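See below for the structure under consideration.
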Amino acid sequence: MSPTRGRSPIGVPIVGQLREYRRGWLRGDVIAGVTVAALIVPKNLGYAGIAGVPLQNGLYAAAAGAILYAIFGTSRQISMGPSSGLAAVAASAVLAASITDEQDVAFFVAGITLASGILFLLLAVFRMGWIAQFLSRAVVTGFLFGAAIDVVIGELPKLTGTKTEGSNPLQELWSWFGTLGEAHATTVIVGVVSLVVVFGLRAIAPRVPGALVLVVGGLVASALFDLGAKGVAVVGEVPRGLPAPQVPDLALLWEHAGTVAVAAVALVMIGFSQTAGDARTFAAKHRYQIDINQESFAQSFANIGAGLFQGMPVSTSLSASSLNDRSGAKTGVASLTSGVTVLLTLLLLAPLFSSLPKAVLGALIIEAVVSGMMDFPEMRRLFRVKKVDFWIAIVALLSTLVFGVLAGVIIGIGLSLVWLVAVATHPQMPTLGRERGTQVFREVETFPGDEVLPTVAVVRFDGGLFFATADALEDRVRGVIQANPALTGIVLDCGGVNFIDSQGAASMADVVTLARDAGVQLRLTRVKPGPRAVLERDGVIGLVGADHIHGNIHRAVEAEQRDAGRGGDGGG
């Protein structure tokens, strides 16, 4: 199967995969599916705990997400299900809506999941997946880091058997420190041992499914030592069986429509960026093609299904997808197998989780968010490569901690847009000098030893010339003229200009007039066909003069020096 953008809006890629299915792939797909299910079942219990919904709802979402993505998704290795980041957004939405009743929380989370699925569908129908690109990677990194800290602080009381208060994570942390004197000793022991087990296995045996080991160990310990009778809180009843499709309480959703809308946007922005990136990675590795628009449909159906079956938001899980790949997944049959295995778990094993200590669940959640959301290597990379991006990530992190996860996403989107506008409206326009003894022109700031011509200024314009950058070009040319009274010509290198709008063309005409009024000739070099066509339609090429348009900088400088009566040294 090689889906392309030109096909019908909604496809069923699994049909193409099954048509070309090879018998030798079945063993790898089944093993991968069962292996991934062993990883995601315990983790999804934790994700449900983050979102504040009944534990079985996490498994409902896992099954729906895996099966529906397998049918409609174009990536053959992706594992779709709940994630720690999306669960944190859902929990923040519940908190913002001030919903406390467990049934209402479940309805509300299912409702925002359904809303995000509908929003995904609209993006797919109108081919607007590019909107998700407005959330920069730096913002996502900072937001997820802050959300992870928020979740960790929220889980600490489970490890000590205490309760905390506070309107934000920092207040909750301070409150938790004040309750340590009331900590339940047995609960603390269970919590500490759980943390050691799950983090220790990740450190010394990363291929061992630590979450599965921890859950099984917690259930065995709970039965052997009767931890519930000793005062250790357990998760309570987890019913056996499958959910019936159900539309969430529309009155509840309407009552909190603003929160639902913000949460849905946040879920789409985060979910799409995660899934699109992972899908491209696996497609490149295995040399097949994905369809980003079809991916939007797949995420739409996965979230609509999860919402209708009383689940929670779903997206790709890189750890589960990587395990799927390593275990031999060749097609979406692996994801189908994972979904069916989760369904069998709900039918046969769900009640076993009822005696799981909450301290074990808390440790499971903490490990999941620390390993999945606290990206220390990326933070170090941002600091090393681009400090502005690092500080944007820090602002997103702090905003999440101070104002909450949902507000952190909105602030993050705002930061991304402000940064985008700042970059777009301040294009680079470096001065170029000639490398001595050559015809090569380079940035003077980078190569200060290069020759700067006394009467000809060479400037490169990097970016689109449109309404937001038009004034910047005029200001730059005016500054060059004022800085050098001996100037006879300006060479404007347009090799970096790939777009010009009507205002940009008008601005170029103004620049030509500005230069001539100052007694300076303007020459353009490396003008691309698209921008040149716009300039021709607006009469700018005629205003500049065809003999003032050149193929490279050297020829433009040489022509200017010759016309100015200084042509003797122009050939270098």
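The values are calculated or read from the model by the stated rules, or taken from the named source; none is laboratory data. From a predicted model like this one, the values you see are computed outputs, not experimental measurements. Because the Cβ atoms are built from the backbone with ideal geometry, glycine has one as well, and the counts that use them run over all protein chains shown.
Observations, loosely collected:
- Residue check: PHE441 meets all listed conditions (1) touching a Lys or Arg at 6+ places or on another chain (Cβ under 6 Å); (2) over 30 Å from LEU420 (Cβ atoms) but one, namely (2).
- Among the residues of segment 301-330, those identified as over 23 Å from the mean Cα position of the chain (by Cα) and within 20 Å of ALA38 (Cβ to Cβ) are ARG326, SER327, GLY328, ALA329, LYS330.
- Strands (runs of 3 or more DSSP E) fully within segment 433-541 counting 2 or more residues that are of a type outside the set (Ser, Thr, Tyr) and in contact with a Gly (Cβ under 8 Å, 6 or more places away or on another chain): 441-443, 456-462, 521-525
- Within the option set PHE467, PHE461, being surrounded by 22 or more Cβ atoms within 10 Å (Cβ to Cβ) and touching a helix residue (DSSP H, G or I) at 6+ places or on another chain (Cβ under 9 Å) holds for one residue only, PHE461.
- Within segment 297-326, tally of residues that are part of a loop (DSSP other than H, G, I, E, B) and either of a type in the set (D, E, K, R) or crowded, with 24+ Cβ neighbours inside 10 Å (or both): 5
- Selection within segment 353-368 - in contact with a Ser or Thr (Cβ under 6 Å, 6 or more places away or on another chain) and in a helix (DSSP H, G or I): SER355, ALA359, VAL360, ALA363, ALA368
- Residue match in segment 244-252 (condition: more than 28 Å from ALA350 (Cβ to Cβ) and more than 16 Å from the chain's Cα centre (by Cα)): yes
- When GLU165 is tested against the conditions (1) in a helix (DSSP H, G or I); (2) over 30 Å from LEU382 (Cα atoms); (3) not polar (S, T, N, Q), the lone failure is (1).
- Residue within segment 251-265 that is surrounded by 14 or more Cβ atoms within 10 Å (Cβ to Cβ), modelled with pLDDT of 90 or more and part of a loop (DSSP other than H, G, I, E, B) present: yes
- Contacts under 7 angstrom Cβ, first residue in segment 326-350 being within 15 Å of TRP25 (Cβ to Cβ), partner crowded, with 24+ Cβ neighbours inside 10 Å and polar (S, T, N, Q), 6 or more apart: ALA329/GLN77; ALA334/ASN324; SER335/SER79
- Yes/no for ILE71 being over 25 Å from ILE153 (Cβ atoms), surrounded by fewer than 24 Cβ atoms within 10 Å (Cβ to Cβ) and of a type in the set (A, V, I, L, M): yes
- For segment 215-232, the criterion of being among the basic types (Lys, Arg), closer than 13 Å to SER355 by Cβ and assigned by TED's automatic domain parsing to the domain that holds GLY362 is met by at least one residue.
- Exclusive hit being assigned by TED's automatic domain parsing to the domain that holds PHE466, touching a residue at least 24 places away in the same chain (Cβ under 8 Å) and over 14 Å from VAL456 (Cα atoms), set GLY545, GLY495, GLY489: GLY495
- Taken together, the residues in segment 168-178 that are assigned to a helix (DSSP H, G or I) and in contact with a helix residue (DSSP H, G or I) (Cβ under 7 Å, 6 or more places away or on another chain) amount to 5.
- Residue selection: TYR69 satisfies the criterion of being touching a strand residue (DSSP E or B) at 6+ places or on another chain (Cβ under 6 Å), of a type in the set (Ser, Thr, Tyr) and modelled with pLDDT of 90 or more.
- Residues of segment 200-218 classified as touching a helix residue (DSSP H, G or I) at 6+ places or on another chain (Cβ under 6 Å), under 27 Å from MET312 (Cα atoms) and not β-branched (Val, Ile, Thr), total: 7
- Listing of helices (runs of 4 or more DSSP H) fully contained in segment 1-105 that carry 1 or more residues being within 13 Å of LEU336 (Cβ to Cβ) and not aliphatic (A, V, I, L, M): 13-19, 25-51, 55-72
- Residue within segment 237-244 that is closer than 30 Å to ASP104 by Cα and outside any loop (DSSP other than H, G, I, E, B) present: no
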